[in-house]
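For reference, the structure discussed in these notes is given below.
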Amino acid sequence: MTNINALTLDVPDISAAEVFYDKAFGLGDRLRFQAAASPSRGFRGFVISLVVADPTVADSFLEPALDAGATVLKPAKKSFWGYGGVIQTPDGAIWKVASSSKKPTGAPAREFDDLVLLLGVDDVAATKQFYVDRGFTVGKSYGRKYVEFESGPDSVKLALYGRKAAAKDAGVDAAGSGPHRLVIGSDAGRFTDPDGFSWE
């Protein structure tokens, strides 16, 4: 099984990003930073999600992130599927924090169950096959709409969604230009996927 070990975000100020992300999410070495080489505009084609136990845990991540300078894209609230909210960090990355539970369960604050990288792609079926050919194992698949791959403990889970659907779920317009400003670190080797995401 192929695993994602770390995500590297291009940021305008590495020191400021380290301070922000430590206060907001505290993900340790699973999140890394490098100086942004060139600017991007609009949706960068991905959303990073923290899947948590309940609404109280979700708020324990969202509130510090907002206090540290993130902006709200979708306010945290209950919905048909659970509870969650979407924010944009000062460097422009989009983060979603969500729980399938609508009620507090007594779970410890600031602990997450899964860290998920959702790629908004042009052709879910073709990109799914691309990743299967590189050793990823499909965990869930809903036709040409959504795919989630299996992941090992303490690794980042990879999921695929149509670009427009991913942007809509995040509360942003799907239009965007420039680099993704993301490098995905894994044991799959160095390559670029069909949607231009860089792996190392």
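Okay, here's what the table says:
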item: Per-region count, the stretch 33-87, residues assigned to a strand (DSSP E or B), crowded, with 18+ Cβ neighbours inside 10 Å and not aliphatic (A, V, I, L, M); result: 6
item: Subset of the stretch 5-16 (residues that are outside any strand (DSSP E or B) and either among the hydroxyl-bearing types (S, T, Y) or touching a Leu at 6+ places or on another chain (Cβ under 7 Å) (or both)); result: S15
item: Unique residue being in a strand (DSSP E or B) and closer than 17 Å to R32 by Cα when the list is V116, V97; result: V116
item: Which numbered condition Q129 fails, given (1) assigned to a loop (DSSP other than H, G, I, E, B); (2) out of contact with any strand residue (DSSP E or B) (no Cβ under 9 Å at 6 or more places or on another chain); result: (1)
item: Restricting the stretch 122-161 to residues that are touching a Gly at 6+ places or on another chain (Cβ under 7 Å) and surrounded by 17 or more Cβ atoms within 10 Å (Cβ to Cβ), the residue that is farthest from I48 (Cα to Cα); result: V124
item: Unique residue being in contact with a Pro (Cβ under 8 Å, 6 or more places away or on another chain) and either at pLDDT 95 or above or within 14 Å of V97 (Cβ to Cβ) (or both) when the list is T56, T71; result: T56
item: Qualifying residue in the stretch 134-146 (condition: closer than 21 Å to F43 by Cα and part of a strand (DSSP E or B)); result: yes
item: Every pair of residues 6+ apart whose Cβ atoms lie under 9 Å, when the first sits in the stretch 150-169 and is closer than 16 Å to D193 by Cα while the second is in a strand (DSSP E or B) and of a type in the set (S, T, N, Q); result: L158/S186; A159/S49
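The values are calculated or read from the model by the stated rules, or taken from the named source; none is laboratory data. Model, not experiment: these values are computed from the prediction. No Cβ is skipped: glycine too gets one built from the backbone with ideal geometry, and neighbour counts run over all protein chains shown.
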